[in-house]
1. Report the full-extension gain for the segment ARG16 to VAL128: residue separation times 0.36 nm, less the Cα-Cα distance, to one decimal in nm.
2. Which of the peptides 91-103, 48-60 is most tightly packed, and how do the rest follow, judged by the mean count of other Cβ atoms within 10 Å per residue?
3. Using the structure shown, select from LYS44/LYS95; LYS37/LYS95; LYS87/LYS118; LYS118/LYS143; LYS26/LYS87; LYS58/LYS118 the pairs with a Cα to Cα distance greater than 22 angstrom.
4. Just report the Cα centroid separation between the stretch 19-48 and the stretch 72-149, whole Å.
5. Based solely on its DSSP helices, what 222 nm [θ] is calculated for the chain when runs of n ≥ 4 H residues each add -39,500 (n - 2.57) and the sum is averaged over all residues, nearest 500 deg cm²/dmol?
6. Taking the number of other C-beta atoms within 10 Å as the exposure measure, put GLU34, GLU84 in order starting with the fewest.
7. With r defined as the distance between the Cβ atoms of LEU32 and ARG88 and R0 fixed at 22 Å, what FRET efficiency is calculated, to the nearest 0.05?
8. Report the extension gain between LYS79 and LYS4 in nm, rounded to one decimal, defined as 0.36 nm multiplied by the number of residues separating them, less their alpha carbon distance.
Amino acid sequence: MGQKVNPIGFRIGVYRKWNSRWFARKSYAEQLLEDIKIRQYIDKHLASAEIADVEIEKTGETVKIILHSARPGIVIGKKGQDIEELKRSIANLIKRPTVEVSVQEVQNPDVNATLMAKSIADQIVRRVSYKNAMKKAVAASMKAGDANT
């Protein structure tokens, strides 16, 4: 059997950015575990916000989290209360003093593969026919893709 190359690792640095940007010599395992905790917490608590991507930047004691969401209003909440609560809970989770969270809107969620996969998975959980879910997703993606060109 031949050598298998991870498609994401193969593309990083060429035309895809890193999802986490930080540097560590001795504390690599701790930093990686922090990233995993942050991503799992966000996936669990912001499931309805349609999070497409989570970028994490660490500099010193500051952690900056950039959330790409199709529904940024759910992440931010009324008058920014939900995002402040999110900052506090993540700071307590990883035991860091400063956590900054910013939200960027995904302009076209029908073209984003992560959001489409989550949408199809949600439909299957709700007992929708997988064939119909796939057909609708493909049609929506094709229509949205044509609008971009």
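Taken together, the values in this text are just the output of simple stated rules run on the coordinates, not laboratory data. Keep in mind the model is a prediction, meaning the values are calculated, not measured. Ideal geometry is used to build each Cβ from the backbone, glycine not excepted, and the neighbour counts take in all protein chains shown.
1. Values: separation 112, 0.36 × 112 = 40.32 nm, distance 3.38 nm.
Separation in residues times 0.36 nm, less the Cα-Cα distance, equals 36.9 nm.
2. Values: 91-103: 13.8, 48-60: 16.2.
Peptide ranking by packing, descending: 48-60, 91-103.
3. Numbers: LYS44/LYS95 19 Å; LYS37/LYS95 11 Å; LYS87/LYS118 25 Å; LYS118/LYS143 19 Å; LYS26/LYS87 26 Å; LYS58/LYS118 28 Å.
Beyond 22 Å between Cα atoms: LYS87/LYS118; LYS26/LYS87; LYS58/LYS118.
4. 18 Å
5. It comes out at -15500 deg cm²/dmol, rounded to the nearest 500.
6. Working: GLU34 21, GLU84 13.
Lowest to highest Cβ neighbour count: GLU84, GLU34.
7. Numbers: r = 23 Å, r/R0 = 1.05.
Efficiency, rounded to the nearest 0.05: 0.45.
8. Length difference between fully extended and current span is 22.2 nm.
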